[in-house]
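Worksheet: the structure to be examined is printed underneath.
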Amino acid sequence: MSIQRLAILGSTGSVGVSTLDVVARHPDRYEVFALTAHRRVDELLAQCAQFRPRIAVVPGDAQARPLREGLARLGLRTEVAVGTQALADLAAHPEVDSVMAAIVGAAGLAPCLAAARAGKRLLLANKEALVVGGAYFMDAVLEGGATLLPIDSEHSAIFQCLPEDRSAWAQRIDHIVLTASGGPFRTRDPASLHDVTPDQAVAHPNWVMGRKISVDSATMMNKALEVIEAHWLFALPPERIRVVIHPQSIIHSMVVCRDNSVLAQLGTPDMKVPIAYGLSFPERIEAGAAALDFLAMKALTFEACDRVRFPGLFLAYDALNGPEGSSALLNAANEEAVAAFLEGTIRFTAIHTVNAGTVDALAGDIGRIGGLDDLLALDQRARRQARQLIGELAL
């Protein structure tokens, strides 16, 4: 069995850390070729000390300098590269077999495209690559001959319920059901959400995640982005992608077949399971997740999504039915709005106002999208519009 050489983009985030946990359990199968991080230099240095990657990438000299000093102090020979182009070059590096794309946000689009065009085994935890890139990204996967493997727990669940032969998917699926935990405010009076604090919003009841994605879970914008991602991953129209709230987070998603039989993937809420499946597909390896104890489960319950409490979810369907590029507007606005909320600039309920207002303001004048530069320009237009709205809504 040959060793699989990995580049882990976003290695200090929750998905990156879980990936390294799985990798450490299988040193005979995986070699860490490269690691990347944004700000957490000390954590990246510790990862380099444990896994001895060939390359480490950071955004700029402010991060590169202390990293190089730390590597020299430890006698490590890891090469330090800097900047966005270094990320893209790494994702397409000829010695890399698999790329774990775990960079949060639109910043992950360029390296994901580079990996796709280079025909890599691309483990996609960066949903924004599909939300922003859409058809352009899927074309790159097809043209490059890449193997695209979803890592989000919901999309991995759908993928695990389907045959390996993707040509059989269309005749198998009637619709899919993405499950959502409902986050920390599932039972809270919607009228009280005006006063939600950042610490309350990031306190997810089931999953351990980064602050941005935790806020997205609280607003259900995470699920909105997953609906858009599912549209591209499984070639399904919006009306065949449904969402239900499942507070226990045991069923990670379901496929409803043409004969109305339902296939579901169950497990404890632990990202190491979809990560291990992506790393080993089509095999299965030990992931380090706790086993599901059926006798300890009191109930599996389901609820409809509340439009008053979670209006952001329904923006996904509007975006998919709108002009090309609408989902890129939505993603950019949400990134800006969530950052402003976490900084204490706007209220929790203003996130939806910024998101809906940005799409409404720009969707009628998107223009032609011919490539990455057009997508990035659209992203920047949306951010400027969102920041304008944030200024008007600032506390």
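Numbers for the structure displayed
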| quantity | calculated |
| --- | --- |
| Cβ-Cβ under 8 Å pairs, at least 6 apart or on other chains, the range 215-229 side over 19 Å from Thr187 (Cβ atoms), far side of a type in the set (Lys, Arg) | Leu225/Lys127; Glu226/Lys127; Ile228/Lys127; Glu229/Lys127 |
| Verdict on Arg387 being of a type in the set (Lys, Arg) and modelled with pLDDT of 95 or more | yes |
| Any hit, the range 358-367, residues being in contact with an Asp or Glu (Cβ under 9 Å, 6 or more places away or on another chain) and open to solvent by 50 Å² or more (accessible area, probe 1.4 Å) | yes |
| Hits in the range 112-171 - residues which are more than 19 Å from Ala102 (Cβ to Cβ) and of a type in the set (Asp, Glu) | Asp139, Glu143, Glu164, Asp165 |
| In the range 237-248, the residues that are surrounded by fewer than 19 Cβ atoms within 10 Å (Cβ to Cβ) and either modelled with pLDDT of 95 or more or of a type in the set (Phe, Trp, Tyr) (or both) | Pro237, Pro238, Glu239, Arg240, Arg242, Val244 |
| Test: residue in the range 290-306 that is of a type in the set (Gly, Ala, Ser), free of Cβ contacts under 8 Å to residues at least 12 places away in the same chain and open to solvent by 30 Å² or more (accessible area, probe 1.4 Å) | yes |
| Residue check, Gly344 open to solvent by 10 Å² or more (accessible area, probe 1.4 Å) and of a type in the set (Gly, Ala, Ser) | yes |
| Qualifying positions in the range 249-262 - surrounded by fewer than 17 Cβ atoms within 10 Å (Cβ to Cβ) and outside any strand (DSSP E or B) | Arg258, Asp259, Asn260, Ser261 |
| Checking Phe310 against (1) open to solvent by 40 Å² or more (accessible area, probe 1.4 Å); (2) more than 28 Å from Leu122 (Cα to Cα); (3) touching a residue at least 60 places away in the same chain (Cβ under 8 Å), the condition it does not meet | (1) |
| Any chance Val131 is surrounded by 24 or more Cβ atoms within 10 Å (Cβ to Cβ), touching a residue at least 60 places away in the same chain (Cβ under 8 Å) and outside any loop (DSSP other than H, G, I, E, B) | yes |
| Matching residues in the range 36-47 - criterion: being of a type outside the set (Gly, Ala, Ser) and either farther than 23 Å from Gly108 by Cα or assigned to a loop (DSSP other than H, G, I, E, B) (or both) | His38, Arg39, Arg40 |
| Tally, over the range 71-107, of residues that are among the aliphatic types (A, V, I, L, M), assigned to a loop (DSSP other than H, G, I, E, B) and open to solvent by 10 Å² or more (accessible area, probe 1.4 Å) | 5 |
| Selection within the range 363-375 - under 22 Å from Gly108 (Cβ atoms) and either more than 21 Å from the chain's Cα centre (by Cα) or free of Cβ contacts under 8 Å to residues at least 12 places away in the same chain (or both) | Ile366, Ile369, Gly370, Gly371, Asp373, Asp374 |
| Residue list for the range 184-222, restricted to those being of a type outside the set (Val, Ile, Thr), open to solvent by less than 10 Å² (accessible area, probe 1.4 Å) and under 17 Å from the mean Cα position of the chain (by Cα) | Ser214, Asp216, Ala218, Met220, Met221 |
| Filter result for the condition that a residue is aliphatic (A, V, I, L, M), over 30 Å from Asp270 (Cα atoms) and at pLDDT 95 or above, over Val96, Val58, Val82 | Val82 |
| Filtered residue count, the range 48-70, keeping only those that are out of contact with any strand residue (DSSP E or B) (no Cβ under 7 Å at 6 or more places or on another chain), assigned to a helix (DSSP H, G or I) and in contact (Cβ under 8 Å) with a residue 24 or more places away in the chain | 5 |
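The values are calculated or read from the model by the stated rules, or taken from the named source; none is laboratory data. Only a predicted model underlies this, so the values are computations on that prediction, with no experimental measurement involved. Every residue, glycine as well, gets a Cβ built from its backbone with ideal geometry; the counts of neighbours run over all protein chains shown. Please note that ligands, DNA and RNA were not included when accessible areas were found on the heavy atoms of the full protein model with its side chains. Shrake-Rupley method; radii C 1.70, N 1.55, O 1.52, S 1.80 Å.
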